[in-house]
Structures are given as structure tokens and as C-alpha cells.
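Contents: one structure, followed by commentary.
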Amino acid sequence: MTVSPLAEQPLHPLPPQPAGVPWPTEAWPRADPPAHADLAPLMAAAFDPAGPLHQTYAVVIVHRGRLVYERYDGLLPQWDKPGKPVVPETPLLSWSMAKSMLHAVVGMLVDEGRLDLHGPAPVPEWSGVGDPRGAITLQELLEMRDGLDFAEEYVDPEASDVLQMLFGAGRPDMAAYAASRPLAARPGTRFNYSSGTSNVVSGIVARFLGPGEPYRRFLAARLFEPIGMTSATTVFDDAGTWVAASYAYATARDYARFGLLYLRDGIWDDRRLLPEGWVDHGRRPRSVDPEDGDLYGAHWWTREGPYGTFWAAGHEGQYLDICPALDLVLVRMGRTDSEHSEELKQWRNEVIGTFDDQAR
């Protein structure tokens, strides 16, 4: 995997909130989709119980700052009782979309001078004299170019570092488990998508803010509450570290609020919540994923294309797509197996494309 030559190309401008459109801190302003957006067949496909995108739990679309479409379906599995119907108020599991929320938190701390992007990452496990991991920077961790030997494998538990971290021996202190991994490559030279890396970053944050409740309060006061993400909750391990690789819960509408924050360049209701340039830091491509050709920035995915789309992605088809050129946010939550990931990718592209009035 190589650094993308697109890293030096200009990014599509991020649009401001349209004049007269209220911010959705308390309630979403609403509008109809544009007349040229043919959503009916696309949503029929998304919610088809016999189709390849099954099971779609929720779709929320925000266009030009207004909620223009939402739909919910399905039952959330529960171990000891019948499945729970998915409705607008249902908190849904982010899986790896939480990584992009972690990017926001890191940006706040970098802006305050509490974290250094380019110096050695403050990880106790790497502080020994001569430990080559001591050269890893926070920037390389955010880019997933840290060089750690970590297997993001979800089929074979014996070969999987991520399953051992989330459900096995590493579960009590996930950041320490991930930080204990040796190097497989020189830092900065190899892209390796790794949930372990995100938990190492979250461990750094926990040590600065204080583990457990101080960290939780920071998330609420600095990120969730200012943008009205009242449904958002996070899961912490026994060491008091937010499992930011995988575990946040929120309604689909609240994930759309987070997407709107990034679409608006980190500004909410005329108040800057993220440092200037931090959204660009996340969406600027650095690496190419050889599996599908998608590009990775810093805890955000992106791709070439006319809309400047970047996104947060989670296991089993959780997606938060942000399209600057169309002033669009698309949230899709569900439980779709990886065999149908290409169909889901195509569906997302078609939903985004139907909002392009120049393509009609």
C-alpha cells in the first residue's frame, strides 16, 4: 500500500449552512427531496427483505441542512427477548464509525496544545530505551500507518488480533493489548487498517483527560451536547478507555448531526467546535486500500470523484457519507454481510448521484 498522489490535490470546498436554515441542535428542519432525486426505487431496494442489502435498519438523508428523507425497519436482536423494532429513537451501534468521532476528539486536544501530532506518541509500552515503536507519531496512528503487526481478521479467531482485543484476552485493557503488538514495518511506510490502532489513540486521550468518567464527560460536553447528539452513548473498557475503534451508540438522526458538523468544517451554529483545517486533515487521502481502491485519510475514508465524498464506515454496513459538492449527508445503518459490500457501495453511490441535478 502506498501514499496516494491525490494527497496534494485540492479538496472540494465545504459548504456553509444555507442562510435561513436553522441548525438541528434540537430538531431537524425538514424539506422534501429535490424533484429530480428518484429515491423510491433505491429505498425499495434498501429495505427489500429478500434483497442483497437486507437488513437495512435506517436511512437518513440531509440535503442543504434539512432532513429530506428517513425510513426505519427491522428488529434489533436481543438475547433474552423478542427483537426490538427499529424506530427513529432507536440507538444503533456505530461499529467502526466511532473511529471518525475519535478523530474529532483528537482535533480538539491538538488545538489546545495537549496533544502533538508529529512528536512520538505518548504510549507507555513504547517508552523503553531503544524500542523502535517509540518513533511512532500520533499522525501515523491516525493515518493507520504506524507499522504495528495487528490482524484485522473477523473469520479466524486464532489469527485475529481484533477479536482477541474486543472479546478475548485483550478485553480488560484494549489500548494496552494493541500497544503490545510488535512492529511489522517501519512507521510511516505501510497502511494497515487496524482497530487496535484506534484504541491506542483512545488510550492516549484517556491518559490526558483521565480514564472513565472524565473522558466520558469530555465527550458529552465538547462533542455530543453542542450538536444535539442527545442519544449518543459510548462503551468503555475496564481500564477506563473509550473503545473508540468500535463502540458508540446513537440514533440515525444523531449520526447525521455528526456528519453535518464535518460537512460544515467543524462549525455548529456559528461556533467553531473543531479547529480550522481539521476536517481537511481527516478527509485528505494518504493511502490506497488494495482491496477496493478506496482511499484513507486520517480516521476517515474517501475516494476520487466529482462530489468530494468522504465517509465513516462500520462493520456490517454502517455508513455516514458526506458529500461537499452536493451539500449532502447520507446515513445508512443495518446488518449486511460482507459478501454484499459491493452492492451496498453501489447503492450508496446511486443515492448520492440522484441528488446531482447536473447528471439528470
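The values are calculated or read from the model by the stated rules, or taken from the named source; none is laboratory data. Quick caveat: nothing in here was measured; it's all calculated off a predicted structure. Neighbour counts are summed over all protein chains in view; Cβ atoms, including those assigned to glycine, are modelled from backbone coordinates with ideal geometry. These area figures cover heavy atoms from the full protein model, side chains too; ligands, DNA and RNA do not enter into them. Shrake-Rupley method; radii C 1.70, N 1.55, O 1.52, S 1.80 Å.
Compare the peptides 183-196, 119-132 by average per-residue count of other Cβ atoms within 10 angstrom and give them in order, highest first. Let's see the in-between values first.
Values: 183-196: 18.4, 119-132: 13.5.
Highest mean packing first, the order is 183-196, 119-132.
For Asp149 and Ser180, calculate 0.36 nm times their separation in residues minus their Cα-Cα distance, and state this gained length in nm to one decimal. Present the calculation step by step, with values, prior to reporting the outcome.
Numbers: separation 31, 0.36 × 31 = 11.16 nm, distance 0.96 nm.
This chain segment gains 10.2 nm when fully extended.
Say each of Asp48 and Arg222 gets a label point 7 Å from the Cα, pointing the same way as Cα to Cβ; how far apart are those two points in nm?
Going from the Asp48 label point to the Arg222 one covers 4.6 nm.
Using modelled backbone amide H atoms (1.01 Å from N, in-plane), which distant-in-sequence or interchain residues come within less than 5 Å of Leu76's amide H?
Amide H neighbours of Leu76: Lys84, Val86.
Roughly what angle does helix 195-209 make with the longest principal axis of the chain, taking Cα atoms, 0 to 90 degrees, to the nearest 10?
The answer is roughly 80 degrees.
For the modelled label position 7 Å from the Cα of Lys345 along Cα-to-Cβ, which residues of the stretch 315-329 have backbone nitrogen atoms closer than 19 Å?
Zone members listed by number: 315-323.
Putting +1 on Lys and Arg Cβ atoms and -1 on Asp and Glu Cβ atoms, find which of Ala58, Pro120, Leu14 reaches farthest to the positive end of the dipole of the chain.
It is Leu14.
Could you state the principal axis extents of the C-alpha atoms in the chain, from the largest down, to the nearest angstrom?
64, 46, 39
Rounded to the nearest whole Å², what accessible area per residue is found for the stretch 186-305 with the 1.4 Å probe?
Numbers: 4060 Å² over 120 residues.
That works out to 34 Å² for each residue.
How about the stretch 1-95: which GluC sites (Glu not before Pro) there are in a DSSP loop, with at most 13 other Cβ atoms within 10 Å of their Cβ? Mind dumping the intermediate values first?
Working: sites: Glu8, Glu26, Glu70, Glu89; in loops: Glu26, Glu89.
Filter output for the stretch 1-95: Glu26, Glu89.
Treating the beta-carbon of each Lys and Arg as +1 and of each Asp and Glu as -1, no other charges, what is the dipole magnitude of the stretch 179-337 about its Cα centre, to the nearest 20 debye? Walk me through the numbers on the way to the answer.
On the way: 18 positive and 19 negative charges, 86 e Å.
Dipole size: approximately 420 debye.
What does the charge dipole of the stretch 243-330 about its Cα centre add up to, to the nearest 20 debye, if the Cβ of each Lys and Arg holds +1 and the Cβ of each Asp and Glu holds -1?
Details: 9 positive and 14 negative charges, 57 e Å.
That gives a dipole near 280 debye.
Per DSSP H run of at least 4 residues, take -39500 (n - 2.57); add these up for the chain, divide by its residues and hand me the 222 nm value, nearest 500 deg cm²/dmol. Working shown, then result.
Working: 10 runs with 91 residues, N = 360.
Rounded to the nearest 500, it is -7000 deg cm²/dmol.
What are the ³J(HN,Hα) values, in whole Hz, obtained from phi via the Karplus relation 6.51 cos²θ - 1.76 cosθ + 1.60 with θ = phi - 60°, for each residue of the stretch 24-36 in sequence order, with x given for Gly and Pro?
x, 4, 9, 9, 6, x, 10, 7, 7, x, x, 4, 7
Go through Phe310, Val351, Val279 and say which Cα lies farthest out towards the positive end of the charge dipole of the stretch 263-360; charges sit on Cβ, +1 for Lys and Arg, -1 for Asp and Glu.
Of the options given, the answer is Val279.
Pairing the Cα long axis of helix 341-353 with the longest principal axis of the chain, what angle in degrees results, from 0 to 90 and rounded to the nearest 10?
Tilt relative to the chain: about 50 degrees.
Quick check: residue separation of Leu75 and Thr230 times 0.36 nm, minus the Cα distance between them. What number comes out in nm? Provide the component values of the computation, followed by the final result.
Working: separation 155, 0.36 × 155 = 55.80 nm, distance 2.23 nm.
Contour length minus Cα-Cα distance gives 53.6 nm.
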